[in-house]
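Worksheet for the structure shown next.
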Amino acid sequence: MKLLEVQSSVRLEQSISRTLSHEFIQTWQNFHADGRYKQRDVGMNPPAHPTELWTVANYIPPDSRTPDMKTVLADSEQLIEELLWADRLLLGVPMYNFSVPSTFKVYVDNIVRVNRTFTFDPTSFTFEGLAINKKALVITPSAGNFAPNTPMGSMNFCETYLRSILGFIGIEDITIIAVPNQFMPDEIRRQSIEQARVKLMMIAATW
Ligand SMILES: Cc1cc2nc3c(=O)[nH]c(=O)nc-3n(C[C@H](O)[C@H](O)[C@H](O)COP(=O)(O)O)c2cc1C
């Protein structure tokens, strides 16, 4: 089993998503002695934004790309290779302004590419994901509470976006562990972390 961890919080020591991810991976490794593991930290080292040359290179066949085009796509190719390598994706994606952090969005812009992670049939105008046979587990802390049926529930573009974009590239088995209420009084804040921790430890044993 091959696990890729992607972290996108801009915080390190204080990050809830990083702390819970770290605990999850330790437990996962205890249960998967022969499991393989890689980490990608787009919070600390975000990939470059696509450029005009990048988009030209992206939409032409690989054999027709110039050396400059190959160079501009090199980081994206590496990110896609490690994504396709993984059977399991652990994503640390806090809610930033009701959606995902820009560090995660630029990661998405680099990995969602035609003929690499999805195909497009112009005749039927249909898309098909190529990143198949994977499971994703996402840890999403937030200051407030964005559960369905709460006053702010309709503003949770983080979860809806994650489900849409992962599904688009073929990842259908998605578990999202929200860690809400992180700006609430300490007891409520800690209780939320503890509830997420319990869920994560149960998943780590069988995932
Ligand atoms: C730029 C920025 C925007 C944020 N926007 C929201 C938001 O829209 N809703 C919310 O509930 N929390 C928001 N937060 C709070 C974070 O979701 C919260 O602090 C979370 O714990 C961060 O994840 P981390 O602990 O893994 O770093 C924001 C934080 C930052 C830095």
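Read the figures in this text as sums done on the coordinates, not as results from a lab. In this text the structure is predicted, and so the values were computed from the model without any measurement. Methodologically, a virtual Cβ is constructed for each residue, glycine included, from the backbone with ideal geometry; neighbour enumeration extends over all protein chains shown.
Observations
- Out of V93, V179, V114, V138, sole residue that is within 24 Å of Y59 (Cα to Cα) and touching a residue at least 24 places away in the same chain (Cβ under 8 Å): V114
- Within the stretch 164-192, the set of residues being closer than 30 Å to A33 by Cα and out of contact with any strand residue (DSSP E or B) (no Cβ under 6 Å at 6 or more places or on another chain) comprises G167, E172.
- Count - residues of the stretch 154-176 that are closer than 16 Å to S192 by Cβ and surrounded by fewer than 21 Cβ atoms within 10 Å (Cβ to Cβ): 1
- For the stretch 50-67, the criterion of being surrounded by 15 or more Cβ atoms within 10 Å (Cβ to Cβ), within 16 Å of T117 (Cβ to Cβ), in contact with a strand residue (DSSP E or B) (Cβ under 8 Å, 6 or more places away or on another chain) and among the hydrophobic types (A, V, I, L, M, F, W, C) is satisfied by no residue at all.
- Residue in the stretch 168-175 that is in contact (Cβ under 8 Å) with a residue 12 or more places away in the chain and touching a helix residue (DSSP H, G or I) at 6+ places or on another chain (Cβ under 6 Å) present: yes
- Among the candidates T140, T103, residue that is under 29 Å from A205 (Cβ atoms), under 11 Å from the mean Cα position of the chain (by Cα) and among the polar types (S, T, N, Q): T140
- Residue satisfying all of: in the stretch 1-20; assigned to a loop (DSSP other than H, G, I, E, B) and more than 9 Å from the ligand (Cβ to nearest atom); farthest from the chain's Cα centre (by Cα) among these: E13
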